[in-house]
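The values are calculated or read from the model by the stated rules, or taken from the named source; none is laboratory data. Source: prediction; values computed, not measured. Ideal geometry is used to build each Cβ from the backbone, glycine not excepted, and the neighbour counts take in all protein chains shown. Surface areas here come from the heavy atoms of the whole protein model, side chains and all, with no ligands, DNA or RNA. Shrake-Rupley method; radii C 1.70, N 1.55, O 1.52, S 1.80 Å.
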Amino acid sequence: MLNKPIGLLDSGVGGLTVLKAVKDRLPGESFVYIGDTKRCPYGNRTKEEIITYTLELVQFLLDQQVKMIVIACNTATAHALDIVRSKVDIPVIGVVGPGSRAAVKTSASKEIGVLATVSTVESGFYEHSLVEKDRDVKVKSLACPEFVDIVEENDYESQRAKQLVETKLAGFKTQEMDTVILGCTHFPLLAPFIQETLGKDIDLIDSGALTSYEVERVLKEKGLQYEGTGQRTIRIYTTGPEKMFRTIVENWLETDQLDIGSVELERLREADV
Ligand code: DGL
């Protein structure tokens, strides 16, 4: 069990922001990542579609013999976390809980912004999660589906991206708001522009980075940490074209020591979790 990999899933490249944090925090662990680029974005899809696709990705990871699953996608966490947990018998971690906990701790004014996909915003999952932790918290959410597209197009460092962020976030910040959750795992790639637009006085919460602590905690609690000395492996799969995906993966993870490949959607559709 101990030398099995940790599995992560996302609709595309967004979950790499979580993989980056988790792999840096846990240097001995191996990982398998799947990004469903072909069907990305999930954020504009129905709840039913999101659940079906997430379960297909989960089955793919189970087939890779993972010891834990990280749903490195807020949209999939919002709609499918409980369902996945009810169907598999290994630990399953989502990204909304760690982000909300950190935001509630960080915010002095108790006025918190959430930037996420349409589907995450409409689900009310963040509001629920935040208010559950502190019922005095006020939440203002904004759906930013355009941010997902520009990241998937590998254009997230461009002038176009900067302008998009400025236009989209104009008027979002309220006087009292002091904390903003990047409630989509694609958004940390735009964090420099988001921070510049909202100002230095806003604390940005990257739920991916915080999830790495949760992964470490659960591994310890369940006695699942890798304690050997062997070389770890990081395997990364996409359901879409490999070229652009590979460029983003190598840029973002700052290494080419990765095993990157594609997987046919048909293979995923055989899922029967
Ligand atoms: N990265 C995903 C999230 O955290 C979803 C992006 C999308 O597919 O719309 O919500």
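Okay, here's what the table says:
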read-out	value
Of all residues making up segment 127-150, the number that are within 16 Å of the ligand (Cβ to nearest atom) and under 25 Å from A161 (Cα atoms)	10
Verdict on R85 being more than 16 Å from the ligand (Cβ to nearest atom) and open to solvent by 20 Å² or more (accessible area, probe 1.4 Å)	yes
I69 closer than 22 Å to R269 by Cβ, in contact (Cβ under 8 Å) with a residue 24 or more places away in the chain, open to solvent by less than 10 Å² (accessible area, probe 1.4 Å) and in a strand (DSSP E or B)	yes
Test result for L61, more than 22 Å from L189 (Cα to Cα), assigned to a helix (DSSP H, G or I) and modelled with pLDDT of 95 or more	yes
Residue list for segment 214-241, restricted to those being more than 23 Å from L258 (Cβ to Cβ) and among the small types (G, A, S)	G223
Condition check for I93: within 16 Å of the ligand (Cβ to nearest atom) and surrounded by fewer than 21 Cβ atoms within 10 Å (Cβ to Cβ)	no
Subset of segment 117-149 [surrounded by 19 or more Cβ atoms within 10 Å (Cβ to Cβ), within 16 Å of the chain's Cα centre (by Cα) and outside any loop (DSSP other than H, G, I, E, B)]	S119, T120, V121, F125, Y126, A143, F147, V148
Filter pass, A191 being under 17 Å from the mean Cα position of the chain (by Cα), outside any strand (DSSP E or B), surrounded by fewer than 19 Cβ atoms within 10 Å (Cβ to Cβ) and small (G, A, S)	yes
Residues of segment 188-203 satisfying the condition of being within 15 Å of the ligand (Cβ to nearest atom), within 21 Å of L130 (Cβ to Cβ) and in contact with a helix residue (DSSP H, G or I) (Cβ under 8 Å, 6 or more places away or on another chain)	P188, I194
Where a residue in segment 88-104 is within 16 Å of E132 (Cβ to Cβ) and its partner, wherever it lies, is away from the ligand (no atom under 16 Å from the Cβ) and among the polar types (S, T, N, Q), with Cβ under 9 Å and at least six apart	A102/T179; A103/T179; V104/T179
Extreme residue, most open to solvent (accessible area, probe 1.4 Å), among residues of segment 166-187 that are within 16 Å of the ligand (Cβ to nearest atom) and within 24 Å of I248 (Cα to Cα)	K168
Residue check, A76 within 11 Å of the ligand (Cβ to nearest atom) and crowded, with 24+ Cβ neighbours inside 10 Å	yes
Selection count, segment 215-224, where residues are in contact (Cβ under 8 Å) with a residue 40 or more places away in the chain and either over 17 Å from G94 (Cβ atoms) or open to solvent by 40 Å² or more (accessible area, probe 1.4 Å) (or both)	3
Qualifying residue in segment 73-90 (condition: touching an Asp or Glu at 6+ places or on another chain (Cβ under 8 Å), among the aliphatic types (A, V, I, L, M) and not in a helix (DSSP H, G or I))	no
Enumeration of residues in segment 97-116 that are within 15 Å of the ligand (Cβ to nearest atom) and either closer than 20 Å to I202 by Cβ or not in a helix (DSSP H, G or I) (or both)	P98, G99, S100, V114, L115, A116
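Listed here are the residues, each with its yes/no results for (1) within 11 Å of the ligand (Cβ to nearest atom); (2) in a strand (DSSP E or B); (3) open to solvent by less than 30 Å² (accessible area, probe 1.4 Å); (4) in contact (Cβ under 8 Å) with a residue 24 or more places away in the chain.
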residue: K4; (1), (2), (3), (4): no, no, no, yes
residue: L9; (1), (2), (3), (4): yes, yes, yes, yes
residue: T17; (1), (2), (3), (4): yes, no, yes, yes
residue: Y33; (1), (2), (3), (4): no, yes, yes, yes
residue: G43; (1), (2), (3), (4): yes, no, yes, yes
residue: E48; (1), (2), (3), (4): no, no, no, no
residue: E56; (1), (2), (3), (4): no, no, yes, yes
